[in-house]
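These notes concern the structure reproduced below.
The values are calculated or read from the model by the stated rules, or taken from the named source; none is laboratory data. Remember, predicted model here, so these are calculated numbers, not experimental data. A quick note on method: Cβ atoms are made from the backbone with ideal geometry, for glycine too, and the neighbour counts reach across all protein chains shown.
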Amino acid sequence: MMKRTCVAVCLIWMLGLMGGVRPGEQATEWPSMTVLHAQQPEPQDEFVPIDELPPQDQLPAAPLLVVAYAFVVLALAAYLMSVARRLGGVQRDLDRLEAELKRSGRS
Amino acid sequence: MPKWFTPAVALCGLMLAISPFLIANAPYESTMGLVQKIFYVHLPSAWMFLLAAIVCGVASLRFLFRGDPRHDRLAWAAAELVVLFGIVTLVTGPLWARKAWGVWWQWDVRLTASLIGWMVSVAYLLLRKYGGPGSDKLAAGLALFGMANVPFIYVSVNYWRTIHPTTSVVPTLPTSFGLPLWFSAVTFLLLFVLLLRARVRLEEQRAQLDALYLSVDG
């Protein structure tokens, strides 16, 4: 019983160390999350078009946009190939079985 | 495959080729700039994600009550599309959010409910693959939860204070934003129908193959 209690206390203490909190200490809120909540913009109700993109906005957004569109294309292509491969496999099995049935004189 | 399938594939290919030009010519949004163009694939894929969950749920419900294997095949096919369009939504969303909100992910109601809906469909597919005999009905029950989550995902942004844009954005879109969006949405819908039909065809052929194996054994 004593041994189990010691093991449990050690485990809790180690978990506390991993989380950056020692036993007996009060856990503090993750500071970046607090900042993050404070920085959140208001939700939008409508999109307003503009003619020119602000210069500081051009470079950082482009890689994200490219990755997003590339992911869509790759995901759809991968799924299409997967369905085509599975359809081909089942069709081959069907043809083989039908040929075997014909050879053995069963329909 | 039905007669309409090949012309529909050609039309879908044409629309997929045209849509990048419409998206490129769409104006930049005033606060989000270039990254807002992710919207034209994020929103249609999110709609298809929800539509696939509804198709899967309705087909599962009919399978549970009527026991018709055709409904089960449709539900299985739709569940794969929930996973496909769900992963597209869940990947493109954070890429957009990183620039627009400054974070990759927020545990807000819509994002969390969408993730749960996607995981329900992954669970459906795992159950169908590894569940063994009887897993079809268990998976159908699971699909009902996936469908019940859909209205919750849709209206959550209007009821809870969240960073995600509300459902009023689309009805108030100017034509310059609306045209590429609706074109993209119709393209995704056509793609959804074609993929669903091809996937159902796969299940039909598997059923035919099983029947043939049984006739060989018998």
Worksheet item: Does B:Gly178 qualify as being more than 22 Å from B:Thr89 (Cβ to Cβ), surrounded by 14 or more Cβ atoms within 10 Å (Cβ to Cβ), over 19 Å from the mean Cα position of the chain (by Cα) and more than 9 Å from every other protein chain (Cβ to nearest Cβ)?
Response: no
Per the filter on segment B:94-122, residues out of contact with any Lys or Arg (no Cβ under 6 Å at 6 or more places or on another chain), closer than 19 Å to B:Gly33 by Cα and more than 9 Å from chain A (Cβ to nearest Cβ) are B:Pro94, B:Ala97
| query | Could we say that B:Leu125 is within 10 Å of another protein chain (Cβ to nearest Cβ) and under 29 Å from B:Met1 (Cα atoms) here? | reply | no
Filtering segment B:24-66 for residues that are within 9 Å of another protein chain (Cβ to nearest Cβ) and of a type outside the set (Phe, Trp, Tyr) leaves a count of 15
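Restricting to segment B:119-134, and then to whatever is among the small types (Gly, Ala, Ser) and under 19 Å from B:Ala53 (Cβ atoms), can you tell me which residue is surrounded by the fewest Cβ atoms within 10 Å (Cβ to Cβ)?
Within segment B:119-134, the subset among the small types (Gly, Ala, Ser) is B:121, B:123, B:131-132, B:134.
Remaining after also requiring under 19 Å from B:Ala53 (Cβ atoms): B:121, B:123.
Values: B:Ser121: 27, B:Ala123: 16.
So, considering only residues that are among the small types (Gly, Ala, Ser) and under 19 Å from B:Ala53 (Cβ atoms), the one surrounded by the fewest Cβ atoms within 10 Å (Cβ to Cβ) is B:Ala123.
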Scanning segment B:183-218 for residues that are out of contact with any Leu (no Cβ under 9 Å at 6 or more places or on another chain) and either without any contact (Cβ under 8 Å) to a residue 12 or more places away in the chain or facing chain A (nearest Cβ under 9 Å) (or both) gives B:Arg206, B:Asp210, B:Ala211, B:Leu214, B:Asp217, B:Gly218
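Select from segment B:137-169 the residues that are among the small types (Gly, Ala, Ser) and part of a helix (DSSP H, G or I) and list them in ascending order. Outline the logic, then answer.
Residues of segment B:137-169 that are among the small types (Gly, Ala, Ser), as a first pass: B:139-141, B:143, B:146, B:148, B:156, B:168.
Within segment B:137-169, B:Ala139, B:Ala140, B:Gly141, B:Ala143, B:Gly146, B:Ala148, B:Ser156 qualify.
Which of the helices (runs of 4 or more DSSP H) found entirely inside segment B:1-117 contain at least 3 residues meeting this: under 20 Å from the mean Cα position of the chain (by Cα) and either more than 23 Å from B:Val193 (Cα to Cα) or aromatic (Phe, Trp, Tyr) (or both)?
B:39-66, B:69-100
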Within segment A:82-95, residues being over 14 Å from B:Leu196 (Cα atoms), more than 7 Å from chain B (Cβ to nearest Cβ) and not acidic (Asp, Glu) number 4
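Out of curiosity, is A:Tyr69 at the interface with chain B (Cβ under 9 Å from one of its Cβ atoms), touching a helix residue (DSSP H, G or I) at 6+ places or on another chain (Cβ under 6 Å) and modelled with pLDDT of 90 or more?
Details: at the interface with chain B (Cβ under 9 Å from one of its Cβ atoms): yes; touching a helix residue (DSSP H, G or I) at 6+ places or on another chain (Cβ under 6 Å): no; modelled with pLDDT of 90 or more: yes.
The answer is no for A:Tyr69.
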